[in-house]
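Beneath this line is the structure, given in structure tokens, with notes to follow.
The values are calculated or read from the model by the stated rules, or taken from the named source; none is laboratory data. Here the structure is a predicted model, which means the values were calculated and not measured. Methodologically, a virtual Cβ is constructed for each residue, glycine included, from the backbone with ideal geometry; neighbour enumeration extends over all protein chains shown. In case anyone asks, the SASA skips ligands and DNA or RNA and just uses the protein heavy atoms, side chains included. Shrake-Rupley method; radii C 1.70, N 1.55, O 1.52, S 1.80 Å.
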Amino acid sequence: MMIKVLRFVCIMMAVTGFMPVCAQQISPAENCVLTVSQLKPGDLLFVINNKGNAITDVTNGYHGKQIDHVAFVINNKGMIAEATTRKGVGLTDIRKFMDHGSRDSCRSEFLVGRVNIPYSWRKTLRNYRRYEHLPYDSLFMPDDKAMYCSELVQKCYVDAKGKRIFNTIPMSFHNKKGEITDFWKMFYSRKGLKVPEGEPGTNPGQLSRDEHVTIIGYLK
């Protein structure tokens, strides 16, 4: 009964336009439903792939969710920044971003994360402009010649001194048994490369669990 009451309060706050304070106080936070108008520049948008794929097979998202993409809100006009295979690094209207998910049952849920420590939005935005129009990095390499989704976030967000908010982690291409999956072995083999297991990198699931990110609800 208590959970139902709390969920109702969260939904009513979202509908009436109040900021979702409940998301900071209730566990799990995803019981709160947020609208686009409640998003702030800098908020992170995590895409949940309910069917899973090669990325979610080797990564772990918030509360075990199968998160395979991340973008971030760029302004109050409904634009987000992301790195995608379709267009590389660039801006997307958030409605198109969400419509794309609604047409595909694999990509129909969105979690909102908010950075919970001070950071410089001006410098973060400047970093984004530096990477804008780069191609997508399908090989997940650490250089700046191309960019994948969570790498864009990891390299953009900095504090007032220019220090990155999010650290890299050893990249994971292995399953729960510690074995590199056949998909990634074949993927890199076709490129004539070795699987970069353990190399510094990032992934959207890891970002959703980062200590500097608070998940504040679902975006509807």
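Hey, quick one: spin label on Glu211, modelled 7 Å out along Cα-Cβ, who in the stretch 157-172 has an amide N within reach, i.e. under 17 Å?
159, 164-170
Starting from the Cα of Arg126, step 7 Å along the direction of its Cβ; do the same at Lys40; then give the gap between the two resulting points in nm.
Placing both labels 7 Å beyond Cα along the Cβ direction yields 2.2 nm.
Can you work out the accessible area per residue across the stretch 99-220, with the rest of the protein chains kept in place, probe 1.4 Å, in square angstrom? Don't skip to the answer; put the middle values down first.
On the way: 6600 Å² over 122 residues.
Averaged over the residues of the stretch 99-220, the accessible area is 54 Å².
Can you pull the Rg over Rh of the stretch 28-153, Cα-only, Kirkwood? Mind showing how you got there, number by number?
On the way: Rg = 14.2 Å, Rh = 15.2 Å.
The Rg/Rh ratio comes out at 0.94.
Per-residue accessible area for Ser37 at 1.4 Å probe radius, Å² rounded to 10?
100 Å²
Give the long-range amide H neighbours of Asn49: residues separated by 5 or more places, or on another chain, with amide H under 5 Å away, using H modelled in the peptide plane at 1.01 Å from N.
It is Gln66, Ile67, Asp68, by chain and number.
Given 0.36 nm per residue, what is the gain on full extension from Asp99 to Lys194 after removing their alpha carbon distance, in nm? Intermediate results must be reported in sequence, preceding the final value.
Details: separation 95, 0.36 × 95 = 34.20 nm, distance 3.65 nm.
Length difference between fully extended and current span is 30.5 nm.
Could you grab the Rg to Rh ratio for the stretch 67-220? Cα atoms only, Kirkwood for Rh. Walk me through the intermediate numbers first.
Working: Rg = 15.8 Å, Rh = 16.5 Å.
My calculation puts Rg/Rh at 0.96.
Give me P(r) over the stretch 128-209, computed from all C-alpha to C-alpha distances, binned every 5 Å, as integer percentages.
Here the calculated profile for the stretch 128-209 is 3, 14, 22, 24, 19, 10, 6, 3, 0.
Restrict the search to the stretch 129-183; then list the trypsin sites (Lys or Arg not before Pro) that DSSP places in a loop and that have at most 15 other Cβ atoms within 10 Å of their Cβ.
Answer in residue order: Lys145, Lys161, Lys163, Lys176, Lys177.
Compute the orientation-averaged projected area for the stretch 155-200 from the convex hull of its Cα atoms and round it to one decimal in nm².
Values: hull surface 17.1 nm².
Here the figure is 4.3 nm², rounded to one decimal.
Filter the cross-link list Lys161/Lys185; Lys65/Lys220; Lys161/Lys191; Lys191/Lys220 down to pairs whose alpha-carbon distance in this structure exceeds 28 Å. Don't jump to the answer; show the numbers that get you there.
Working: Lys161/Lys185 40 Å; Lys65/Lys220 17 Å; Lys161/Lys191 39 Å; Lys191/Lys220 39 Å.
Too far apart for the 28 Å limit: Lys161/Lys185; Lys161/Lys191; Lys191/Lys220.
Apply the Karplus curve 6.51 cos²θ - 1.76 cosθ + 1.60, θ = phi - 60°, to the phi angles in the stretch 40-46 and return the couplings in whole Hz, x for Gly and Pro.
10, x, x, 5, 9, 10, 9
Would you please report the Å³ per residue occupied by the convex hull of the alpha carbon atoms in the stretch 108-165? Walk me through the intermediate numbers first.
On the way: hull volume 6.1 nm³, N = 58.
Per-residue hull volume (Cα only) is 105 Å³.
Take peptides 85-91, 148-154 and line them up by average Cβ neighbours within 10 Å, highest first, as a rough protection proxy.
Numbers: 85-91: 15.4, 148-154: 26.1.
Descending mean neighbour count gives 148-154, 85-91.
Any chance you could run the full-extension gain for Lys77 through Met186? It's 0.36 nm times the residue separation minus the Cα-Cα distance, nm to one decimal. Don't skip to the end; give the middle numbers.
Numbers: separation 109, 0.36 × 109 = 39.24 nm, distance 4.18 nm.
Contour length minus Cα-Cα distance gives 35.1 nm.
Apply the Kirkwood formula to the stretch 45-93: the hydrodynamic radius equals the inverse of the mean of 1/r over all pairs of different alpha-carbon atoms; give it in Å with one decimal.
Working: mean 1/r = 0.0844 Å⁻¹.
Taking every pair of different Cα atoms in the stretch 45-93, averaging 1/r and inverting gives 11.9 Å.
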